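Engineer: Before I ask anything, here is the structure I am working with.
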Amino acid sequence: RKEVEQDPGPFNVPEGATVAFNCTYSNSASQSFFWYRQDCRKEPKLLMSVYSSGNEDGRFTAQLNRASQYISLLIRDSKLSDSATYLCVVNDYKLSFGAGTTVTVRA
Amino acid sequence: DTAVSQTPKYLVTQMGNDKSIKCEQNLGHDTMYWYKQDSKKFLKIMFSYNNKELIINETVPNRFSPKSPDKAHLNLHINSLELGDSAVYFCASSQAYSLAKNIQYFGAGTRLSVL
């Protein structure tokens, strides 16, 4: 089993839609998680940390479910600029990256 | 000012050659990393240095040799390049090697093509 698994997508959504996707992790002892965003042919950039109680950053909401060992990302009111690959990251001192979920927002 | 900068951005070379990629960070971070992202976009850690000391070495062939002359620099030298080395190599840095300070900032990547 891979350390971090994500649905690769792609998720094709119209502008203004809500899109959500999950990521599962294998190490039940993992404590720290991030979502990174990677645009085509660019470097990964931190989108947000994921906190135990769930957290929001503008239109983005991250949730953690420890019992089922998954984290989720929800994007509300999608913008064209949200088109990217979203990388789920488990922080066990070294970062373990999922292969990414591709989101394409269309006009 | 670019926080994590790596050079060159593109590298095209023949099999069997030796090449180096340089990385510098001006964030004052203690920890630096090298990652490889292959054609399937999977990002995998190769090495990590904390204050010039090697702390992670992930079963990378010994043709790959990192070198950290100081904590702001982490270079990657690759001997006897093979076709399978073609990938994008990312350098990254974090404030420290700890759970609380492990947010990593990435350089723009070096696209290596081995012909």
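The values are calculated or read from the model by the stated rules, or taken from the named source; none is laboratory data. Only a predicted model underlies this, so the values are computations on that prediction, with no experimental measurement involved. When we count neighbours, we look across all protein chains shown, and the Cβ atoms used for this are built from the backbone with ideal geometry, even at glycine. Remember, those area values only see protein heavy atoms, side chains included, never the ligands or the DNA or RNA. Shrake-Rupley method; radii C 1.70, N 1.55, O 1.52, S 1.80 Å.
Engineer: Can we say B:K44 is out of contact with any strand residue (DSSP E or B) (no Cβ under 9 Å at 6 or more places or on another chain) and either open to solvent by less than 30 Å² (accessible area, probe 1.4 Å) or within 13 Å of chain A (Cβ to nearest Cβ) (or both)?
Structural biologist: The answer is no for B:K44.
Engineer: Evaluate the range B:83-99: report whether one residue or more is open to solvent by less than 20 Å² (accessible area, probe 1.4 Å), touching a Leu at 6+ places or on another chain (Cβ under 9 Å) and of a type in the set (D, E, K, R).
Structural biologist: Yes, the range B:83-99 contains at least one residue that is open to solvent by less than 20 Å² (accessible area, probe 1.4 Å), touching a Leu at 6+ places or on another chain (Cβ under 9 Å) and of a type in the set (D, E, K, R).
Engineer: Next question, about the same structure. Can you give me the number of residues within the range B:101-115 that are facing chain A (nearest Cβ under 8 Å), open to solvent by 20 Å² or more (accessible area, probe 1.4 Å) and at pLDDT below 95?
Structural biologist: Selection size over the range B:101-115: 1.
Engineer: Now for a separate question. Of the conditions (1) open to solvent by 30 Å² or more (accessible area, probe 1.4 Å); (2) more than 14 Å from chain A (Cβ to nearest Cβ); (3) touching a strand residue (DSSP E or B) at 6+ places or on another chain (Cβ under 9 Å), B:I78 clears all except one; give me its number.
Structural biologist: Here B:I78 clears every test but (1).
Engineer: How do the strands (runs of 3 or more DSSP E) wholly within the range B:3-98 filter down when requiring 1 or more residues that are within 12 Å of the chain's Cα centre (by Cα) and in contact (Cβ under 8 Å) with a residue 24 or more places away in the chain: which remain?
Structural biologist: In the range B:3-98, B:4-7, B:19-25, B:31-37, B:43-50, B:64-70, B:73-78, B:87-94 are the strands (runs of 3 or more DSSP E) which contain 1 or more residues that are within 12 Å of the chain's Cα centre (by Cα) and in contact (Cβ under 8 Å) with a residue 24 or more places away in the chain.
Engineer: Determine whether A:Y70 is of a type in the set (S, T, Y), within 14 Å of another protein chain (Cβ to nearest Cβ) and under 14 Å from the mean Cα position of the chain (by Cα).
Structural biologist: no
Engineer: Counting only residues that are modelled with pLDDT under 90 and among the basic types (K, R), how many does the range B:9-61 have?
Structural biologist: 3
Engineer: Filter the range A:76-100 down to residues that are part of a loop (DSSP other than H, G, I, E, B), surrounded by fewer than 21 Cβ atoms within 10 Å (Cβ to Cβ) and within 12 Å of chain B (Cβ to nearest Cβ), then give me how many there are.
Structural biologist: So the count comes out to 2.
Engineer: What's the total number of residues in the range B:51-75 that are open to solvent by less than 40 Å² (accessible area, probe 1.4 Å) and within 14 Å of another protein chain (Cβ to nearest Cβ)?
Structural biologist: 2
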